[in-house]
Amino acid sequence: MEELGFEPGPAFARRLDAKDDLASFREAFIMAEPDLIYLDGNSLGRLPYRTVEQVHKAVEEQWGRELVRGWNAGWYQAPTRVGEKIAQLVGAGPDQVVVSDSTSVNLFKLTIGALTMRPGRDRIVGDVLNFPSDLYILQGCIRLLGDRHHLHMAPSEDGITVEHQALSDIIDERTALVTLSHVTFKSSFLYEAAAVTERAHQVGALVLWDLSHSVGAVPVELDRWGVDLAVGCTYKYLNGGPGAPAFLYVRSDLQEVAISPIWGWFGQRSPFDFDLEYEPTEGVTRFLVGTPPILSLLAMESALDLVLEAGIDRIRRKSVRLTSYLIYLVDTVLVRFGFVLGSPREPTRRGSHVSIRHPEGYRINRALIEEMGVLPDFREPDNIRLGLAPLYTSFFEVWEAVDRIRRVVEEERYLRYPAKRLPVT
Ligand SMILES: *Cc1c(COP(=O)(O)O)cnc(C)c1O
């Protein structure tokens, strides 16, 4: 990696923007409030212009005109067609990725699929940094299967990273499944996925990666790493829109043995024979369930195309620059106001968001949103998450955001806000 010699001041940020080979992609997105610094693309990506157009077409021309004929004019194949596009971003060869349901539901389906492939084993290995919904799903799976499994969580000494050794130590011959977020939602810690996958396979365990915070931001090589199963979200760095359907990956050789716990007609071998007996399709489509949300799926596809055009390597390169520059500014500007970095310093160990921690984090975040035109999000107990989306976040915005954060604290603007949490933070 090149040496990143950063300099203070907004002029330097402008110079970084002038050299940014992805700068033009910003114009592909609607900037309804030009002065708003949006730093939550890791929670909900911005809206591309082409998606507005695509939704309009899908509604008026397809639904409005084609009516039910739409199913034979591309809708029926949409989950696999869009799955193949996502496959390019996660290093998956053909026929292993489909778009389906939400990330949580896909995690449920693949977890049950994995546990039934390892009937003699009673352990699931996770970590304490995982997204709570993922842990809830695992707890629910355990209950559903009669409390025969135990969830073992790898600890985190610093609340930011998980030591590979600490994780390896709890993976053993009793482990059926290792399941983790590739990039953790709070600290942005990026796992060495190849090494973890290899460790799990040494003892015959399966691996299921949640790619929600990595797809579209960090290169992923599912086939090359030998990953068994994966799920991920499309409304974060893929900009698919609120509630856009998620994806799932099942490695080719597991598709014949993996069983979905939800048998629906979209996973049936020939659904329009209306056979009374369920017989799963041969491929990954057996993990489909029912009618997909076509409008959301088509909207997401148009946004996804933008990511494919930019290319994951260029995206990653800019992402590393953005997060490194932000950390430089945290060190040089914000540390003296009581902020502490809540993400890994090593660029190869972090995703595309950076958490900064402050005892008054919640109220600072409120002030940023209410009066400073900065939109990050807050994660308990004291993390302000700053999501940097390489397709539309500029270096100048990073500089300006840090300056506005400084002002909130230096001018004590946060004191005007209650510490009581709003329902959605
Ligand atoms: C965003 C995210 C999800 C989202 O799940 P939904 O089912 O779409 O609500 C799940 N897991 C992780 C790790 C996430 O980051």
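The values are calculated or read from the model by the stated rules, or taken from the named source; none is laboratory data. As the structure is a computational prediction, the values presented were derived from the model and not from experiment. No Cβ is skipped: glycine too gets one built from the backbone with ideal geometry, and neighbour counts run over all protein chains shown. For accessibility, only protein heavy atoms count, side chains too; no ligands or nucleic acids. Shrake-Rupley method; radii C 1.70, N 1.55, O 1.52, S 1.80 Å.
Got a number for residues in region 123-166 being of a type in the set (Val, Ile, Thr) and open to solvent by 40 Å² or more (accessible area, probe 1.4 Å)?
Adding up the residues that qualify gives 1.
Looking at region 193-219, which of its residues are open to solvent by 10 Å² or more (accessible area, probe 1.4 Å) and of a type in the set (Val, Ile, Thr)?
Result: VAL203, single match.
Could you please let me know if ASP95 is crowded, with 24+ Cβ neighbours inside 10 Å, in a loop (DSSP other than H, G, I, E, B) and not hydrophobic (A, V, I, L, M, F, W, C)?
no
Scan region 350-360 for residues that are out of contact with any helix residue (DSSP H, G or I) (no Cβ under 7 Å at 6 or more places or on another chain) and either surrounded by fewer than 17 Cβ atoms within 10 Å (Cβ to Cβ) or under 15 Å from PHE378 (Cβ atoms) (or both) and jot them down. Spell out how you get there, then give the answer.
Step one: filter region 350-360 for residues out of contact with any helix residue (DSSP H, G or I) (no Cβ under 7 Å at 6 or more places or on another chain), giving 351, 353, 355, 357, 359.
Scanning region 350-360 gives HIS353, SER355, ARG357, PRO359.
Within region 126-133, can one find any residue that is touching a Lys or Arg at 6+ places or on another chain (Cβ under 8 Å), part of a loop (DSSP other than H, G, I, E, B) and within 12 Å of the ligand (Cβ to nearest atom)?
Scanning region 126-133 turns up at least one residue that is touching a Lys or Arg at 6+ places or on another chain (Cβ under 8 Å), part of a loop (DSSP other than H, G, I, E, B) and within 12 Å of the ligand (Cβ to nearest atom).
Within region 226-254, which residues are away from the ligand (no atom under 16 Å from the Cβ) and open to solvent by less than 10 Å² (accessible area, probe 1.4 Å)?
Hits for region 226-254 are ASP228, VAL250.
Write out, first by first residue and then by second, each pair whose Cβ atoms fall under 7 Å of each other, whose residues are 6+ apart or on separate chains, and whose first residue, in region 173-188, is open to solvent by 10 Å² or more (accessible area, probe 1.4 Å) while the second is more than 10 Å from the ligand (Cβ to nearest atom) and part of a strand (DSSP E or B).
Qualifying pairs under 7 Å: ARG174/ARG123; LYS186/SER355; LYS186/ARG379; LYS186/ASN383.
Taking the criterion of being part of a helix (DSSP H, G or I) and polar (S, T, N, Q), would at least one residue in region 79-87 satisfy it?
Looking through region 79-87, at least one residue is part of a helix (DSSP H, G or I) and polar (S, T, N, Q).
List pairs: first residue in region 63-91 and under 30 Å from VAL218 (Cβ atoms), second residue polar (S, T, N, Q) and surrounded by 15 or more Cβ atoms within 10 Å (Cβ to Cβ) anywhere in the structure, Cβ distance under 7 angstrom, at least six positions apart or on different chains.
PRO79/SER100; THR80/THR285; ALA87/GLN96
Taking the stated definitions as given, is ALA193 of a type outside the set (Lys, Arg), within 16 Å of the ligand (Cβ to nearest atom) and over 12 Å from GLY126 (Cα atoms)?
Yes; evaluated as a whole, the condition is true for this residue.
Conditions first: (1) crowded, with 21+ Cβ neighbours inside 10 Å; (2) more than 21 Å from the chain's Cα centre (by Cα); (3) free of Cβ contacts under 8 Å to residues at least 40 places away in the same chain. ILE384 passes all but one, so which condition is the exception?
Exception for ILE384: condition (2).
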